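The values are calculated or read from the model by the stated rules, or taken from the named source; none is laboratory data. What you are looking at is a predicted structure, and each value in this text was computed from that prediction instead of being measured. All Cβ positions, glycine included, derive from the backbone under ideal geometry; neighbour counts span all protein chains shown. With ligands, DNA and RNA removed, areas are computed over all heavy atoms of the protein, side chains included. Shrake-Rupley method; radii C 1.70, N 1.55, O 1.52, S 1.80 Å.
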Amino acid sequence: MSLMDLMGNNMSLSDKDIAFDMLKDSKFGLTGLTMALAETTNPQLRQMLGAQLNNCVVSHHRLSDIALYKGWYQAYASPMQQMQTDMQDARTAIM
């Protein structure tokens, strides 16, 4: 049985799912740019990668702000509250 079979016909992604996927991809991009920047010796390439890294950081902060504003990400909740929210989300996903 595939994942698609388990999910049934409900194949739509919510705005929250899309935002979290974008945040995940943003983190991977930031990591890659940071590693490339740290290993670059060419000054022009270093400047270009640094500018791109700054742009990506700004974009990531904007995405994070959206998730916070919409209440999708509880950055300031206690670890116990975050765990309870995650468990509730997991229960909802199963049903």
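Some observations on this one:
- When Leu63, Leu49 are screened for being part of a helix (DSSP H, G or I), free of Cβ contacts under 8 Å to residues at least 40 places away in the same chain, open to solvent by less than 70 Å² (accessible area, probe 1.4 Å) and touching a helix residue (DSSP H, G or I) at 6+ places or on another chain (Cβ under 7 Å), only Leu49 passes.
- Residues of region 68-85 that turn out to be outside any helix (DSSP H, G or I), surrounded by 13 or more Cβ atoms within 10 Å (Cβ to Cβ) and among the hydrophobic types (A, V, I, L, M, F, W, C), as a count: 1
- Boolean, Arg46 is of a type in the set (Lys, Arg) and out of contact with any Leu (no Cβ under 8 Å at 6 or more places or on another chain): no
- Restricting region 21-46 to residues that are more than 15 Å from Ser59 (Cβ to Cβ) and open to solvent by less than 90 Å² (accessible area, probe 1.4 Å) leaves a set whose member that is farthest from the chain's Cα centre (by Cα) is Asn42.
- Total residues in region 10-20 satisfying the condition of being loosely packed, with under 13 Cβ neighbours inside 10 Å and either in contact with a Leu (Cβ under 6 Å, 6 or more places away or on another chain) or assigned to a helix (DSSP H, G or I) (or both): the figure is 3.
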